[in-house]
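Asker: Pasting a structure here, questions to come.
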Amino acid sequence: MSPIIDIHTHCSPRQRDDPFGVAAIMRGEPIGKNTLLNYRGLPAIGHWEMTDFDFQQQACAKAGITGRLMSTPFTAEIVTAESSKPALDVVRYGNDQVAALVARAPNTTPSRLWGLGTINPLDKSQIAEGERCLGLLGFKGLLINTSWHGRFIDGEDAFPFWEWAEQAQVPLFVHPVRVPIGHDRQMDQYKLDEIVGRPFDTAMALSRMILSGLFDRFPRLKI
């Protein structure tokens, strides 16, 4: 019997339009098939494989991957920080992109796809978008960033989200951000933002959730 191997992945197909007016900020320098990005002083390579959905499906099938949980959390994080458009419009757009990718790979393919939605837990007005992800879009859970624009997710402004997530028993995946808190502290070299900053952001977020008593207040969260 073949083993079941399910993984979490990202895919960000190249966009022909610019609905939120951020193309100039996100544009990088071509390096072969890849792109050198530099957002907020944090250089990073945008690998072409991240944008090619069909290649990803072929590679997963060849590697024996049986299923993928798909998300695009950086869209929500970065575009909401840079665009003047309503944050909810940006978040909905990103979640619709994930739904479109999932629709391209029915569960009869070698590598099945399921969606993870992304919303800002600090904004209770986005809870309805979380409900849309789990209902209309058929997603299996939500991806929650470890922080949102420099703020961690254990404060009282996130309590409405945590209360809803506990009552609805929503599967939650805590994921590090593209721009970690403290990114301006000499993290612009050697990929320190990725190998130190993001794990630090994750450790801080989870430690704060524990030490603040968040799990005592909401003990049935599924994280």
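The values are calculated or read from the model by the stated rules, or taken from the named source; none is laboratory data. Treat the numbers as computed from the prediction; the structure is a model and nothing was measured. Positions of Cβ are generated from backbone atoms using ideal geometry, with glycine treated the same way; all protein chains shown enter the neighbour counts. Surface areas here come from the heavy atoms of the whole protein model, side chains and all, with no ligands, DNA or RNA. Shrake-Rupley method; radii C 1.70, N 1.55, O 1.52, S 1.80 Å.
Asker: Over the Cα atoms, compute the radius of gyration (one decimal) and Dmax (the largest Cα-Cα distance, rounded to a whole number) for region 161-223, in Å.
Answerer: Looking at region 161-223, its Cα Rg and Dmax stand at 14.3, 43 Å.
Asker: Within the chain, which DSSP H helices have Cα atoms that stretch 18 Å or more along the helix axis and a mean Kyte-Doolittle hydropathy of at least -0.5?
Answerer: Helix filter hits for the chain: 87-103, 198-211.
Asker: Return the FRET efficiency for the residue pair Ala168, Lys62: r is the Cβ-Cβ distance, R0 is 45 Å, and the value is rounded to the nearest 0.05.
Answerer: 0.75
Asker: Please report the carbon-and-sulfur percent of the accessible area for the chain; probe 1.4 Å, protein heavy atoms only, DNA, RNA and ligands left out.
Answerer: Whole-percent figure for carbon plus sulfur exposure: 56.
Asker: Suppose every Lys and Arg Cβ carries +1 and every Asp and Glu Cβ carries -1, with no other charges. What dipole size does the chain come out with about its Cα centre, to the nearest 20 debye?
Answerer: Approximately 480 debye in magnitude.
Asker: Please state, as a whole number in µm²/s, the translational diffusion coefficient that the Stokes-Einstein equation yields for region 66-223 at 25 °C and 0.890 mPa s, with Rh defined as the Kirkwood radius across alpha carbon pairs.
Answerer: For these conditions, the coefficient is 151 µm²/s.
Asker: Please name whichever of Thr118, Thr51, Pro86 sits farthest to the positive end of the charge dipole of region 30-129, dipole taken about the Cα centre and charges placed at Cβ: Lys and Arg +1, Asp and Glu -1.
Answerer: Thr51
Asker: Name the residue farthest towards the positive end of the dipole of region 62-204 from the options Ser147, Ala128, Val98, assuming +1 on Cβ of Lys and Arg, -1 on Cβ of Asp and Glu, about the Cα centre.
Answerer: Val98
Asker: Count charges around Cys11 for me, please; just the other residues with Cβ under 13 Å from its Cβ, Lys/Arg as +1, Asp/Glu as -1.
Answerer: That works out to 0.
Asker: Could you please tell me the mean projected area of the C-alpha convex hull for region 5-53, averaged over all directions and given in square nanometres to one decimal?
Answerer: 4.7 nm²
Asker: Sticking with this structure for a sec: Have a look at Ile181, Leu206, Pro171 and report the one farthest towards the positive end of the charge dipole of region 169-223, computed about the Cα centre with Cβ charges (Lys/Arg +1, Asp/Glu -1).
Answerer: Farthest along the dipole direction, towards plus: Pro171.
Asker: For region 103-158, what is the Kirkwood hydrodynamic radius in Å, using each pair of distinct C-alpha atoms?
Answerer: 12.7 Å
Asker: Right, another one. Can you give me the convex hull volume of the Cα atoms of region 17-102, divided per residue and expressed in Å³?
Answerer: In region 17-102, the Cα convex hull volume per residue is 116 Å³.
Asker: Which residue fluctuates the most in the chain, going by a Gaussian network model with Cα springs under 10 Å, if the choices are Ala165, Ala87, Ala59?
Answerer: Its mean-square fluctuation being the largest, the pick is Ala59.
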